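Chemist: A single structure is presented below for examination.
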Amino acid sequence: MSAKNIMIVGVGGQGSLLASKLLGRLLVDEGFDVKVSEVHGMSQRGGSVVTYVRFGDKVYSPIIDEGEADFIVSFEKIEAARYIKDLRKDGTIIVNTQQIDPMPVIIGSEEYPKDILSEVESKGVKVDAIDALTLATQAGSAKACNIVLMGKLAKYLDIPYDKWESAIEKCVKPAFIDINKKAFALGYEN
Amino acid sequence: MKELMIGNAALARGLYEAGCSVISSYPGTPSTEITEEFAKFSDVYCEWAPNEKVAAETAFGASLGGKRSACCMKHVGLNVAADPLFTMSYTGVNAGMVICVADDPGMHSSQNEQDSRHYAVAAKVPMLEPADSQEALNFAKIAFEISEEFDTPVFIKMCTRVAHSQSITEKGERTEVQKEYVKNPKKYIMAPANAIARHPFVEERTRKLTEYAEASPLNRVEYGSGTYDFGIITSSTSYQYVKEVFGDSVSVLKLGLINPLPVKIIKDFAEKAGKVYVIEELDPIIETHCKTIGVDVIGKERFSLLGEFSQKTIAEAFGLEAKETVSLDTKIPVRPPMMCAGCPHRGMFYVLAKNKITVLGDIGCYTLGSMPPLNALDMTLCMGASVSGLHGFNKAGESETENKTVCVIGDSTFMHSGVTGLINIAYNQSNSTVIVLDNSITGMTGHQQNPTTGYNIKGDPAGKVNLESLCRSVGINSVRVVDPYNLDECEKVIKEELAKNEPSVIISRRPCVLLKYVKPKKPLTVNPDKCRGCKKCMKFGCPAISFRDKHAVIDNTLCIGCGVCASLCAFNAFESEGE
């Protein structure tokens, strides 16, 4: 199988590291060759962050380049659009509808695009939008947005539901397993 | 067991399995996790040193004392450790010693993109360059073998995409190594007479290492299926991009030992391959070597000196068809990194910007004070340069600059190399005002302890430098402490200290809000009836405050209730719970 490419994008501090940890764990358990790449350091301070997850029979490059991503999982609305160039022509975007203003918008030097997801859809891209913040809060923690989005992604990947659950058990602290399983289920169902 | 490990964790594991017993490092992205991961092993010694020179010398001392040792740093940290490096090349080692250095092509988190391989060549020290996590683990073991066999410190060079990429790694078992310390002045006292005698040893060692390079499994040829009429010489992450593009269709010489480089292997490869491309990030180290030994290669005329490569870089350079992409008409606003909501640095920068003070900056989270809307910084160069730079600035400007210029430096950076600049201010008496932004942690690299925090790398109680006493003891008579959440106090103290005709230090003290022991308060809310929409709070640049429908609003997922915005608002529109 040629490598499948998933990008996880968002705002530094939103919890993309746990999402990629979960995904990595799951894919290794499924017997794939896996590479996960992310940048630590300065960009984690509220900047735009991106994580690359690649899996298949053999994976060389740790990064995903223009036109290569099968999926972009975005923790924030405009971050999905920022990385659109990396998406394959027939790729899918899974996006949390949450809006987080970047500093240029806060100080009024730039505007937050109004209807960006419709524009993305008008280009023929499949957009699967979800209010992950509300669902995560419903599951018991606003911080579980990341796992809600993983639940959404799970519908597109041919990996049994119980394998995801056991990967969650391995990746999160015991006290948070139930909340995260619930968040995952809500993402999967909505 | 096979598991997914980032390169830095795999390297730490490799050092551990090789019997490394002492690591001393200074944190720096993308190298920090090597040391953090090593600290998790219980039967070894691991520490954060005040800077990379101290770390390298500590590791050297441990090697001399008979234990396999290592020090880890980012590329610019190696500049600081360069002094001991060049002479350790002469002394060699007792037990094996490894220097892990991580480059940052593309400058994800750095102030330059210097190529550390130059240091290996210049100091005549061997350098290994892994291309993924498994190689990082394996190369650590080989590095210690080379170190002891050839009597030399050995570099392991990482880069961001190897250090911070996870790939499948298989662990092994630890072996213990212990050497006896034997007094040997001719080898370890590098006074001129002894050093003169050691230099030929270094040259002879390089000759022997070149022979080793010809036969070492660190360098390998992968013959292609013959689709293309050229071959590629490459290393590190560039190897992965080459394989991503060409698979097994092209012949590749993958180099794992970057210094010294082999001669025969390269000549043989070039003879069989015909046309040869050298693909390496940053500077033409391999390319220059090839040309020096008379092998004609295509390198930097085709592949950039700048930034990171990727599979696209390689495909484009060979004229391969680009992948189809989607593009949008709408411009997406940039999202640069910024200081967190509640960050104690913000208050100090707000006051400095408001008073139009010239601010020489340093390396850390507070470099973000340069970003809009605060735009509070005038200079950032390297660790510690704010303090010494301020001294020079004021010697040049004298009374023109002294009362309207300060420098800002974090607690960890001050320990690293700011204190020497302060000694110079006290000794050579410039009328300078130094602000130490003490947030009680090394912030930007992800919360490492340092000599001012009172805890060691394992989180256990440790010696603690008292900043006030330190500043006084080097000769600063005026040392004051302020709370950066108290804007009025900060402004008053800054004005008073700038007006004084003597050197002074202001310690701006409040712990980083991301520290676990700092408990966030309830988020504030904006009372829309009181908010007049004057936007004064927007000049504070807090990511939790934005402007919607003519009023400020607070994002309650970001706000930590610091309340500084409330002290700025003339209409008392910011309300905390219970008011």
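The values are calculated or read from the model by the stated rules, or taken from the named source; none is laboratory data. Here the structure is a predicted model, which means the values were calculated and not measured. We place every Cβ from the backbone using ideal geometry, glycine too, and count neighbours over all the protein chains shown. Just so you know, the surface numbers come from the protein's heavy atoms only, side chains and all, with ligands and any DNA or RNA stripped out. Shrake-Rupley method; radii C 1.70, N 1.55, O 1.52, S 1.80 Å.
Chemist: Mind checking which residues of region A:123-140 are part of a loop (DSSP other than H, G, I, E, B) and either facing chain B (nearest Cβ under 10 Å) or surrounded by 15 or more Cβ atoms within 10 Å (Cβ to Cβ) (or both)?
Modeler: Within region A:123-140, A:123, A:124, A:125, A:131 qualify.
Chemist: Moving on. Here are some conditions: (1) at the interface with another protein chain (Cβ under 7 Å from one of its Cβ atoms); (2) open to solvent by less than 30 Å² (accessible area, probe 1.4 Å). Residue A:9 meets all but one. Which one does it not meet?
Modeler: Going through the list (1) at the interface with another protein chain (Cβ under 7 Å from one of its Cβ atoms); (2) open to solvent by less than 30 Å² (accessible area, probe 1.4 Å), residue A:9 breaks only (1).
Chemist: Name the residues in region B:128-144 that are surrounded by fewer than 24 Cβ atoms within 10 Å (Cβ to Cβ) and within 16 Å of residue B:260 (Cα to Cα), would you?
Modeler: B:142 - this is the single residue of region B:128-144 that is surrounded by fewer than 24 Cβ atoms within 10 Å (Cβ to Cβ) and within 16 Å of residue B:260 (Cα to Cα).
Chemist: Just to verify a result, which residue in region A:111-122, among those that are open to solvent by 60 Å² or more (accessible area, probe 1.4 Å) and not in a helix (DSSP H, G or I), is nearest to the other protein chains (Cβ to nearest Cβ)?
Modeler: Taking region A:111-122 and keeping what is open to solvent by 60 Å² or more (accessible area, probe 1.4 Å), we get A:111, A:114-115, A:121-122.
Now restrict to residues that are not in a helix (DSSP H, G or I): A:111, A:114-115.
Working: A:111: 7, A:114: 9, A:115: 9 Å.
Checked region A:111-122; the qualifying residue nearest to the other protein chains (Cβ to nearest Cβ) is A:111.
Chemist: Only one of B:269, B:303, B:349 is of a type in the set (Phe, Trp, Tyr), part of a helix (DSSP H, G or I) and away from every other protein chain (no Cβ under 14 Å); which?
Modeler: B:269
Chemist: Regarding region A:150-167, can at least one residue be identified that is among the charged types (D, E, K, R), under 30 Å from residue B:551 (Cβ atoms) and part of a helix (DSSP H, G or I)?
Modeler: Checked against the condition, which is being among the charged types (D, E, K, R), under 30 Å from residue B:551 (Cβ atoms) and part of a helix (DSSP H, G or I), region A:150-167 yields no hits at all.
Chemist: If you check residue B:388 against the conditions, is it without any contact (Cβ under 8 Å) to a residue 40 or more places away in the chain, under 19 Å from residue B:77 (Cα atoms) and crowded, with 18+ Cβ neighbours inside 10 Å?
Modeler: Answer is yes for this residue.
Chemist: Looking at B:566, B:570 in this structure, which one is open to solvent by 60 Å² or more (accessible area, probe 1.4 Å), in contact (Cβ under 8 Å) with a residue 24 or more places away in the chain and away from chain A (no Cβ under 14 Å)?
Modeler: Values: B:566 fails: open to solvent by 60 Å² or more (accessible area, probe 1.4 Å).
Of the residues listed, the single one that is open to solvent by 60 Å² or more (accessible area, probe 1.4 Å), in contact (Cβ under 8 Å) with a residue 24 or more places away in the chain and away from chain A (no Cβ under 14 Å) is B:570.
Chemist: Of everything in region B:391-422, what is over 17 Å from residue B:471 (Cβ atoms) and open to solvent by 30 Å² or more (accessible area, probe 1.4 Å)? Give them in sequence order.
Modeler: Hits for region B:391-422 are B:392, B:393, B:395, B:396, B:398, B:399, B:400, B:402, B:403, B:404.
Chemist: Still on this model: Any idea how many residues of region A:87-108 are crowded, with 24+ Cβ neighbours inside 10 Å and more than 8 Å from chain B (Cβ to nearest Cβ)?
Modeler: So the answer is 4.
Chemist: Within region B:425-464, work out how many residues are over 23 Å from the mean Cα position of the chain (by Cα) and either at pLDDT below 95 or surrounded by fewer than 17 Cβ atoms within 10 Å (Cβ to Cβ) (or both).
Modeler: Final tally of qualifying residues: 8.
Chemist: Related question: What's the total number of residues in region B:41-82 that are on the phi > 0 side of the Ramachandran plot and assigned to a strand (DSSP E or B)? Explain how you work it out, then say what you get.
Modeler: Narrowing region B:41-82 to residues on the phi > 0 side of the Ramachandran plot: B:66.
Next cut, assigned to a strand (DSSP E or B) only: none.
Residues that pass the stated criteria total 0.
Chemist: So residue B:123 clears everything in (1) on the phi > 0 side of the Ramachandran plot; (2) more than 14 Å from chain A (Cβ to nearest Cβ) except one condition, right? Which one?
Modeler: The one condition residue B:123 does not meet is (1).
Chemist: If a residue counts only when it is in contact with a helix residue (DSSP H, G or I) (Cβ under 6 Å, 6 or more places away or on another chain) and within 30 Å of residue A:21 (Cβ to Cβ), which helices (runs of 4 or more DSSP H) contained entirely in region B:153-221 have at least 2 such residues? Outline the logic, then answer.
Modeler: Numbers: elements: B:160-163, B:185-188, B:192-215.
Filter on region B:153-221 gives B:160-163.
Chemist: So, one more: Residues being open to solvent by 40 Å² or more (accessible area, probe 1.4 Å) and at pLDDT 95 or above: count how many of those fall in region A:141-165.
Modeler: Qualifying residue count for the region: 7.
Chemist: Also: From the set of residues in region B:314-345 that are among the acidic types (Asp, Glu) and more than 8 Å from every other protein chain (Cβ to nearest Cβ), which is surrounded by the fewest Cβ atoms within 10 Å (Cβ to Cβ)?
Modeler: Looking at the filtered set, the residue picked out is B:321.
Chemist: When the residues of region B:152-200 are narrowed to those that are crowded, with 16+ Cβ neighbours inside 10 Å and among the aromatic types (Phe, Trp, Tyr), which ends up farthest from residue A:54 (Cα to Cα)?
Modeler: B:188
Chemist: Mind telling me which of the residues A:85, A:89, A:77, A:126 ends up being among the charged types (D, E, K, R) and under 29 Å from residue B:554 (Cβ atoms)?
Modeler: Unique residue meeting the criteria: A:77.
Chemist: Before we move on, is residue A:21 surrounded by fewer than 24 Cβ atoms within 10 Å (Cβ to Cβ) and more than 7 Å from chain B (Cβ to nearest Cβ)?
Modeler: yes
Chemist: Among the residues that make up region B:35-43, is at least one of them of a type in the set (Gly, Ala, Ser), under 14 Å from residue B:84 (Cα atoms) and without any contact (Cβ under 8 Å) to a residue 60 or more places away in the chain?
Modeler: no
Chemist: Could you list all residues from region B:490-536 that are more than 23 Å from residue B:441 (Cα to Cα), surrounded by 22 or more Cβ atoms within 10 Å (Cβ to Cβ) and hydrophobic (A, V, I, L, M, F, W, C)?
Modeler: B:494, B:524
Chemist: Now a separate question. So, residue B:253, is that one farther than 26 Å from residue A:67 by Cα, part of a strand (DSSP E or B) and not charged (D, E, K, R) or not?
Modeler: yes
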